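Structure record follows, encoded as C-alpha cells.
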Amino acid sequence: MNAIIVSALAGVVMMFTGLFFKKSGQVQGVAILAVLAILAATGYDYFLVSQTNRSYFDMIESDHYTAWFNVLITACTTMYVLLFHKDIAKVGRNDAEYFALIYFVMSGVYLLSSYSNMLILFIGIEILSIPQYILAGSDKENVKSNEASLKYFLMGAFTTGILLMGITLVYGATGSFDILSDRFSVQFQNTAGLNAMSFVGIMMIIFAMGFKVSAAPFHMWTPDVYDGTPTAFTPFMATIAKVAIFVAFIKLFHFSFGNVNDAWQMTIAAMIVLTLLIGNITAVYQQSVKRMMAYSSIAQAGFMLFAIYAFNATSWNGLLLYSVAYTLASLGVFAVLIRMKDYTYEGFQGLARKHPIMAATAAICLLSLAGIPLTGGFFAKYYVLSATVEQGKMLGLVVFAVLMAAVSAYYYLKVIMSMYFKEGEAELTEEPNGIYHFLLILNAILVIAIGVLPGLILR
Amino acid sequence: MLIVLLILIPLLGGLAAMLMPERNVHIHAVGVAITTLALAVAGYFHFTMNTPGIDLVYQHSWIESLGATFSVGLTDGLSILMVLLTAIIFPFIFISIRNKQPERKNTFYGLMLLAQAGLMGVFLAQDALLFYVFWEVALIPVYFLSSMYGGPRRIPVTFKFFVYTFAGSLIMLAAFLMIYQHTAHQFSFGSFVGAGASLEAGQQNLLFWMIFIAFAIKMPIFPFHTWQPDAYEQSATPVTIVLSAIMVKMGLFAVIRWLIPVLPLASVRWMDLILLLSVVSVVFGSIMAMVQTNIKRLIAYSSIAHIGLMSAAIFSQQAVGLQGVAIQMFNHGINIMGLWIIVSILENRLKTQDLREMGGIAKVAPAFTIALVVISLANIALPLTNGFVGEFMMFNGLFNAASPYRIAFTVAAGLGVILSAVYTLTMIQKVAYGNTNSLTEGFKDLTINEKLILILIILIILWLGFYPKMLMGLVNV
C-alpha cells in the first residue's frame, strides 16, 4: 500500500515546502508534483495487485476494487488540485499547509478504502476528519468560516465518540477487530443470533457513518459547514472525502453485517427517504448556488446510500461510478462557482454569453448531477437504483428516489436558466485563462465519456 | 452502417455547426439536413425493395456488464415512417427560416441538429436502455431551444414542460429496471417482450401505468396535457414544429413499439380507461380549440384532439386502426408543420397571434389564402387530402375495439371531428375573409421562398391524399 505512505509523506513534504519556498507559485508547483506522485503510487499499487492480499498484520486488505478506487479517486483529486490550486493558495497565508492537510486527508481516504480492521477504520476516519476541521476554518478572518470549523469540529468529535462506542460494543460481542475474521462471521451469522450488544453497536456505527456522509437526520451541520468553508475546499470535502466513507461503509456492512441485514436495512431505508426528501426539498428554496450545492450534496448522499442498502455486486460498481461521476461533476460546478463574484442565482445571469466555455461546463456538470443520460450521473444513479431493484425489496423506495431526482432537476436547471436564458452581467473575480479553460473542457469531456461508456470506470 | 449514419450525421453536423463561422452555418445546416433526408429515403427504398446485401440493422457492444447493446435498425414500417418524417421536417424548417434567421445562429442550428440526432435514435433504437437514453437526450436540445427562442413567458413554460416530462421518464426508467430483472440481464427488445410475458397480471398493471404515464405526458393525453398549449404558444415556430410534428409522436411511437408488445395483458386490461382518456382528449381539445382567440393556442388544442384520436386507435388494438395511426402520425406531422409555417408568416407580418385582429387577408394575399385553406382542410381530414385515409382507418379500428363502450367512444370521437371542422373553418374565416382592417391592409403575399415551401407541402398533402398506397404499403400487417 504505497499510496498511504506516499500521501502521508507528501503531506509532510508540503509542510516543509512553506519553509523553503517563499513564492506561492513554487509551493503550488510542488503541490502539483506531490499529487502526481500520489497518483503514480496508486497506479503502481494497482499494477501490483494480482489478487486479494492482506498486509500490515492483516489490518490492511487490498484487492482490485480497492486499488482501482484509489486510482480513480486520486485522479479526481489531481483534477481538483489542478483546477483549484490557485484558489487554495489564495485562502490565507499558510498555502503550503493547506496542501499538506489535503494530502493527509488522502492518506485517510486510502486507509478507509482498504481497511480490514475496525481500528484502522477508526484511525482512517480520524485522519480524514481532523484536517477537514482545520480546512473549514482556514479563512481565519471570516466569521462564517470560523463558525463552520467550530460546528464541524464539535459535532464531528461527538460523532467520533459514538463511532468508537459502536466499535467497542461490536468488539465486545465478537472479541475481534478484524472484520473478516471467523469471530465476526460467527457472531453475525443470522439476525436471530444477534445479541443486543452487537445490535446497538451496529446502530451506533450507522449513525456515526451517517453523520460523516451527511445523511439525514444527521445532516444538520452540512449546509453551514459547506457554505462557511472557503469555496476552494468545499468541493474536496463534499466529494472526495465523502465518497471514501461510503466505500468504508459498504465494506463493513456487506462483508461483516451482510447476513444480519434484517437488523439494519430498515434503518438505512429510513435514512434514504429522509435524506432525499430533506436534501432535495430544501435545495429548491436556496438563493445561493453554493448553499444549494451543499444541500444537493446531501441529496446525492441519499442516492449513494442505496448502494449500502442493496449491498450486492452491482452496488459496489455503482458506488465506484457514483464516486467518480459525482466528484467530477461537483468539481466542474465549483470550478465555475469560485470564479463568480456573486454566488446567488442572479450572479450567474448572462454567463453563457460572456464565457461560453464556463457556462457549458457548468451546464454539463449540472445535468450530470441531475442524472440526465449521456452524462456520468445517469449511469451512477442507474447502477445504485438497479442494485436496489435487483435486491427485490422495497421497490417503492426506487420510485420515490426517481421522483426526487426529478425534483433535483428543478434546482440544477435553475442555474442553467440563469446562465443561458436570462440577461445579465455575470461578473467574475478573475478572467479565465487558457489552462483553466482547457481543464474545464477536459472535465466536461470526462463527464460525458463516463456517461457514454461507463465501462471505462467499471471493473 | 446506413442506419448509424442517420444518427451520426446530424450529431456531428450539430457539433460542427456550433463551432463554425456564423455566416456559413445556415447553408451547412441545410446541407446536413438534406444529406440525412437522402439517407432516410435510401433506407426507405432499401426496405421496400428488400435490397440484398444492405443490412438495415446495426449492432455493437456497448455496456457488456449490463447486457446493453448499441443496437439500431429500421425493422418495420412504423420506424421508417417516423424516420422519414424526422428527416423531412428539418430541411423544411431550415429553408423556411432562410430570410428570418434567429439570433445566435450557431447555437440554434447546432441544437436543432442535435435534437434531430436524438429523435432519430428514439425511432431506431432496438435496445431498451438505448431507447431510454435517446428519449431523454432528444429532450435536452429542445429544452434549450424553446427556452432561448420564443415568447416572453417561454422560460417558466419550458421549465414546466421539462420537469413534467423528466419526471415521467424517470418513472419509466424505474419500470424498465424492474422488467430488466426478469430478463436474462439483457436490454434487447426481444428479451423485454419475453420478460413482459412472464410477468403476472398484478406486476404488469403496475409497470404498465409507470410506463404509460411517461408516454402520456409526452403525447400528451388528458389530464397530462397542461404543459402543451403554453409550450406551443411560447416557443419559436421552428421549435414548435419540432415539438408538435415529431416530439409528440415519440409518445405514440413508444406506446406501439415498447408498451403494448412488452405488457400486452395490461394493455387489454386497461383499454377502456385509456380509450376514455383518449376520447376525452379529443372532445376536450376540440372544445377548447373552439373558444381560443390566439391562433397558436387554437392549433395546440386541435393537436391535442388529433393525438387523442390516434391514442384511442392504438389502444383499440385493431390491425386496421394501428395501420391508420401509423399513416396519420406521418401525415399529422406534415400538416401541422404546414399550419405552423402559415402561422409564422401571419405572425411575422401582423405581429399578432390574436384572431380577432385579423381578417380580409384573402383580398390582399390570394396565394397565401389558398395555402391556408388547403393545409387547414387537410388538418380536418377532408377526402382527397392526406389526412382522410388514416382518420377513416382509425375510426374503423376504434369502432371494432373489443370494448363494451366502443360505440359511445366512436360517437364521441366523431363529435370531435365535426367540431374540428367548426373551429378550423372559423379560423380560416377569421383570418382570410371579412373586411380588411388597418393591420391586414398591407399584408404582403407570399415570397418566392415561402411559395416554394408551401407548394411542396401542398404537393405532399395532395399526393398522399390521392395515392395513399405509398404509406399503406409500408404498414401492411
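Here is how the numbers come out for the structure above:
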quantity	calculated
Test result for residue B:115, more than 10 Å from every other protein chain (Cβ to nearest Cβ) and either at pLDDT 90 or above or over 30 Å from residue B:55 (Cα atoms) (or both)	yes
Complete set of residues in region B:345-383 that are of a type in the set (A, V, I, L, M, F, W, C) and outside any helix (DSSP H, G or I)	B:358, B:365, B:380, B:381, B:382
Qualifying position, being more than 20 Å from residue B:246 (Cβ to Cβ), touching an Asp or Glu at 6+ places or on another chain (Cβ under 8 Å), surrounded by fewer than 22 Cβ atoms within 10 Å (Cβ to Cβ) and within 11 Å of chain A (Cβ to nearest Cβ), among B:203, B:181	B:181
Boolean, residue A:80 is open to solvent by less than 50 Å² (accessible area, probe 1.4 Å) and outside the structural domain of residue A:326 (by TED's automatic domain parsing)	yes
Filter result for residue B:134 (over 30 Å from residue B:347 (Cα atoms) and either open to solvent by 10 Å² or more (accessible area, probe 1.4 Å) or more than 14 Å from every other protein chain (Cβ to nearest Cβ) (or both))	yes
Answer from A:67, A:96 - the residue that is open to solvent by less than 30 Å² (accessible area, probe 1.4 Å), over 30 Å from residue A:146 (Cβ atoms) and touching a residue at least 24 places away in the same chain (Cβ under 8 Å)	A:67
Cross-chain or 6+ apart pairs with Cβ under 8 Å, region B:53-80 first and touching a residue at least 60 places away in the same chain (Cβ under 8 Å), then of a type in the set (Lys, Arg) and part of a helix (DSSP H, G or I)	B:78/B:257; B:79/B:257
Residue A:170 open to solvent by 20 Å² or more (accessible area, probe 1.4 Å), without any contact (Cβ under 8 Å) to a residue 60 or more places away in the chain and out of contact with any strand residue (DSSP E or B) (no Cβ under 7 Å at 6 or more places or on another chain)	no
Residue check, residue B:161 more than 10 Å from chain A (Cβ to nearest Cβ), more than 24 Å from residue B:60 (Cβ to Cβ) and either touching a residue at least 40 places away in the same chain (Cβ under 8 Å) or assigned to a loop (DSSP other than H, G, I, E, B) (or both)	yes
Tally, over region B:53-77, of residues that are among the small types (Gly, Ala, Ser), part of a strand (DSSP E or B) and open to solvent by 20 Å² or more (accessible area, probe 1.4 Å)	1
Region A:319-367, residues that are within 12 Å of chain B (Cβ to nearest Cβ) and either outside any helix (DSSP H, G or I) or over 19 Å from residue A:428 (Cα atoms) (or both)	A:320, A:321, A:349, A:364, A:366, A:367
Subset of region B:92-122 [farther than 20 Å from residue B:147 by Cβ and under 16 Å from the mean Cα position of the chain (by Cα)]	B:92, B:120, B:121, B:122
Options A:14, A:59: the member that is buried (at least 18 other Cβ atoms within 10 Å of the Cβ), outside the structural domain of residue A:429 (by TED's automatic domain parsing), under 24 Å from residue A:125 (Cβ atoms) and modelled with pLDDT under 90	A:59
Those residues of region B:434-477 which are assigned to a loop (DSSP other than H, G, I, E, B) and of a type in the set (Lys, Arg), in sequence order	B:444
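Conditions (1) open to solvent by 20 Å² or more (accessible area, probe 1.4 Å); (2) farther than 20 Å from residue A:451 by Cα; (3) assigned to a helix (DSSP H, G or I); (4) away from chain B (no Cβ under 11 Å), marked per residue:
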site	(1), (2), (3), (4)
A:369	no, no, yes, yes
A:386	no, no, yes, no
A:411	no, yes, yes, no
A:418	no, yes, yes, no
A:430	yes, yes, no, yes
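The values are calculated or read from the model by the stated rules, or taken from the named source; none is laboratory data. Since the model is a prediction, treat every value here as computed from it, not as a measurement. Neighbour counts run over all protein chains shown; Cβ positions are idealised from the backbone, glycine included. Each accessible area value is taken on the protein alone, full model and side chains, heavy atoms only, with ligands, DNA and RNA left out. Shrake-Rupley method; radii C 1.70, N 1.55, O 1.52, S 1.80 Å.
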